[in-house]
1. Give me the 1.4 Å probe accessible area per residue for the chain, excluding ligands and nucleic acids, in Å².
2. To the nearest 10 square angstrom, how much accessible area does Ser401 have with a 1.4 angstrom probe?
3. Order Glu63, Glu325, Glu72, most accessible first, counting only protein heavy atoms with a 1.4 angstrom probe.
4. Quick one: check the C-alpha center-to-center distance for the range 116-163 versus the range 268-336, whole angstrom.
5. Go through Val89, Val18 and list them by solvent-accessible area, largest first, probe radius 1.4 Å.
6. Bin by bin, in steps of 5 Å, what percent of the Cα pairs in the range 159-317 do you find, going until the bin that has the longest distance?
7. Which percent of the accessible area of the range 1-66 is formed by carbon and sulfur heavy atoms (probe 1.4 angstrom)?
8. For the chain, what is the percent of antiparallel DSSP beta bridges, rounded to the nearest 5?
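The values are calculated or read from the model by the stated rules, or taken from the named source; none is laboratory data. All of these numbers come straight from a predicted model, not from anything done at the bench. In this analysis, Cβ positions are derived from the backbone assuming ideal geometry, glycine residues included, and neighbour counts consider all displayed protein chains. Heads up: the accessible areas ignore ligands, DNA and RNA and are worked out on the full protein's heavy atoms, side chains in. Shrake-Rupley method; radii C 1.70, N 1.55, O 1.52, S 1.80 Å.
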Amino acid sequence: MKPPRKLHIKSYGCQMNVYDAQRMVDTLEPEGFVETGNPEDADLVILNTCHIREKASEKVYSELGRLRALKEEAARRGRRMNIAVAGCVAQAEGSEIIHRAPVVAVVVGPQSYHHLPELLARAEKDGRALETEFPAEDKFAFLPPPKPDVIRARGVSSFVTIQEGCDKFCTFCVVPYTRGAEVSRPAGRIIDEVTRLAEHGVREVTLIGQNVNAYHGEGPDGRIWRLGTLLHRLAGIPGIVRLRYSTSHPRDLDETLIEAHRDVPAVMPFVHLPVQSGSDRLLAAMNRKHTADDYRRAIDRFRASCQDIAFSSDFIVGFPTETEEDFQATLALVTQIGYAGAYSFKYSPRPGTPAAELREMVSAEEMDERLARLQELIDSQQSAFNKAMIGKTVDVLFERSARNPGQIVGRTAYLQPAHVMASPAIVGRVLPTKIESLERYSLLGELAAPEHPAAVTEQASTPNETRMGA
Ligand code: 5AD
Ligand code: SF4
């Protein structure tokens, strides 16, 4: 048997890249690769890149410069290091990467990483290999499932990709070009994958996709299943206690999804629903296919179905032609909805997208100023949302030991980190937790029922011993 080879993956960007990186590890494991956190002693380094916002490709080229030095150092010590670029920059730039950075042996787009073993073999033979096609086959069907010990090591919360690509073509967004057309995985394969994860300790699954609520996969009954039906079915898998999904588009909300929030307790009452702007004029220029009022109505439908639901969103400031009035409409929308948190970004032109052709740019100073005002508003909403937890008893899914000895960290339904002093035996369990204070974005609390056998330890807390983790 060949000695194991070491693999280091550096991932940038979204949750899908995190999941893709794990699946690349699973693909290369049968080839004798084991993962290492240290690029210096890796035989293969993969940069799993993101292209969604500013300067992503510049970052990749500067990282490749650093890797070239590592590769040369490895060569001096008589060791060969291969460098691969995967993900959306690989898709967008293709062979340009090999021209600009000849140190790269393999370029592989996000739809092709199940071909990594072949591509590596080809690179060994020819020095280079590139694949950025959108193959017709479902890449996930070709990936070996992760091994039980690998699943356990990855923890109690897991991502599962259920759809990829997007047909919405928002004018600022590169995703339809880098990830391709919307494709849903068959529900049966997702059920099998989640069942296997649950058998090996996973308790929470986040279903991911660029436009996850556009999901329309073939069900085991031969019909097309929407996301709500899938959530219903996955909630029945023994061991699965929490389900989430991300990222959604306001136009693709069907009644099965809204009802799942009412009828399926495992579906968490926290929804990431990007709106990008509160101005109808800009929403049209962005080709979002909805108005600000459509978005308000979407939020109302969720709220009518599930009282304690909370929302996060994405915003872009400084889209070409954005006026102070447009921006005011965004602030008004944020004030009206009231978010538990949100991400906001300065617009950056993505080559090849329609908006990149627009010339009426907002000045850098104005963008900075608007971003700061929006972030201040969002921060104040987030703080108020977090503060409102103090004194309440809420369910926390405990995930792992924190850095502080004796402390275990988990998450509330709203993804807030929550720390308690308790035994590691509570990892993987959802336990009612009395929230006592807030330190930055983390909640500190106490198990509400410390008399429960699994929760009792010698170190069990007094509140003033409770400290923050990471
Ligand atoms: N400029 C700035 N932000 C962008 N996003 C996507 N494309 C761009 C761009 N060109 C943001 C959107 C999206 C999130 C994932 O990234 O807000 O929802
Ligand atoms: Fe990009 Fe999301 Fe718009 Fe699709 S819906 S084009 S992924 S911003």
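1. Heavy-atom accessible area per residue stands at 44 Å².
2. Roll a 1.4 Å probe over it and Ser401 shows about 60 Å².
3. Glu325, Glu72, Glu63
4. Their Cα centres are 35 Å away from one another.
5. Val18, Val89
6. All Cα pairs considered, the percentages come to 2, 9, 18, 21, 20, 15, 9, 4, 1, 0.
7. About 53 percent, which is the carbon plus sulfur part of the accessible surface.
8. Roughly 35 percent of the beta bridges in the chain run antiparallel, per DSSP.
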